[in-house]
Ligand code: BES
Ligand code: ZN
Ligand code: ZN
């Protein structure tokens, strides 16, 4: 699949060359530039970023002059293009970034400055892409990580299966200030873009086997710190994962249980962070067949597995000093003569029996077995991620991922990470009220749907998962609402979103930092004790 991507991209570049006339080739050789301007506080004017001010000097004040005469004050998110003001950059896009030092907003639960930079740099890059610039240089805006995230996320598009392609644009930092931060932003965004690619690609391309193969390929260069197990159907049977198998049995595609170990901590015994992702590569609903309109979106029902695996690829690329284990039960949910029927009873790995009253509530079944299995690693924390319920979308829409957790500590860490990334989370309840609605089953220990049908659907699903968790720090992230983007997140184009990959990575980075601080404290203490002796 990625092979195909490379071939296709090379072909596009060649094609573009052939199509351009002599005058257009001038544009091809030149770079575009994206610069930011803040709104000056308390004044009418604009406040150029450090990079933009430097550029302004290099063109003898032409930029600020043009900004003044070309129209009203550049508002946040608005942009303007100037042509021919610099010999190296035939097109310069200037983008409004809003107020200087806006910082964290208590009402929005995100860092407004970072979001504005992401939004602004994405908009500028997209404009230059429309002008068919092959390369753009981007203002670091004093926060090069956010600028890189905006640029790389904004430029991502999935057109590898189309004959007519958008121009492929390479983005780099303008100047050298913040180079390290820029690189970090590129890696974070590439992680999310990998999840977007996996989610957007059609289900006949991303089968369970293909998914596992792509992740294996992505992790190949980190072989020293990573081990990969692609467990087969026989292994899944040996493990007595009856709930997972009950979902996969309606499909011709064999299931895969993907197990990734990233050993990044210098302490090999450090308890790992366990990430578990729902990996339904296509969810037709099974015998409880979904209606056809929008069924195609269910190719992204492996969004949990995609974001979890992409986070591990990113953690490896960043060489985060933390141990992470990733589990992805991958299969299709299809109707057939072999498929599970409503009313069937299946047995999960922990011996609990489940009455499957609705075969479309399959995510909780595959996760149940993966959660049981994951406990054997004695994890520091368990985070599972899943496009689990339409009810989650009804509750929060695409504003935030719903987090159901039994741990205030874990909630705080996830929340803090999300404020930085702007890919927000919102805490949801795990009341016994909901547990009662899934433990009241006519034939078995549990029912895979809540007693009162759709009421509180996201909460009853979470309560069901909790029946397979004994660990004290567990969080279930329902990402059904944030699975795709129409136009709500301005720096993501329309399509599958890859959310909340960056929040997972930021969370892992924070855990790594905490463990590192802990280790340093211990060494310091030992040194002191030795000195005292
Ligand atoms: N994959 C779906 C949930 C979903 C819906 C994700 C929309 C993204 C967008 C899940 O497997 C499902 O179908 N859930 C059912 C559960 C119901 C039968 C209790 C739902 O939400 O309708
Ligand atoms: Zn379903
Ligand atoms: Zn599903």
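Taken together, the values in this text are just the output of simple stated rules run on the coordinates, not laboratory data. On a predicted model such as this, the values are computed, not experimentally measured, just so you know. Cβ placement follows ideal geometry from the backbone for every residue including glycine, while neighbour counts extend to all protein chains displayed.
List of remarks:
- Cα gyration tensor shape for the range 341-387, rounded if a/c is under 1.5, else prolate or oblate: oblate
- DSSP bridge orientation in the chain - percent antiparallel, rounded to nearest 5: 45
- Chain lengthening between residue 54 and residue 104 when straightened (0.36 nm per residue, less Cα-Cα): 15.3 nm
- Listing 532, 344 from fewest to most neighbouring C-beta atoms within 10 Å gives 532, 344.
- DSSP beta bridges in the range 204-516 [antiparallel fraction, %, rounded to 5]: 50
- Relative contact order %, the chain, counting alpha carbon pairs below 8 Å whose residues are six or more apart: 14
- With R₀ set to 25 Å, the beta-carbon distance separating residue 62 from residue 183 gives a calculated FRET efficiency near 0.20.
- Potential lengthening of the chain between residue 268 and residue 522 amounts to 89.8 nm, from the contour at 0.36 nm per residue minus the alpha-carbon distance.
- Residue order, fewest to most beta carbons within 10 Å, for 434, 83: 83, 434
- Each Cα pair under 8 Å and six or more residues apart adds its sequence gap; the mean of these over the residue count of the range 31-177 is a relative contact order of 27 percent.
- Distance (nanometres) between label positions extended 7 Å along Cα→Cβ at residue 88 and residue 378: 5.6
- Helical mean residue ellipticity (222 nm; -39500 (n - 2.57) per DSSP H run of 4+; nearest 500) of the chain: -13000 deg cm²/dmol
- Degrees between helix 208-219 axis and first principal axis of the chain (Cα, 0 to 90, nearest 10): 50
- The range 285-363-the range 152-228 distance, computed between alpha-carbon centres (Å): 22
- Per-peptide average of other Cβ atoms within 10 Å, ordering 108-119, 45-56, 494-505 highest first: 494-505, 108-119, 45-56
- Each of 62, 338 was scored by other Cβ atoms within 10 Å of its Cβ. Arranged with the fewest first, they read 338, 62.
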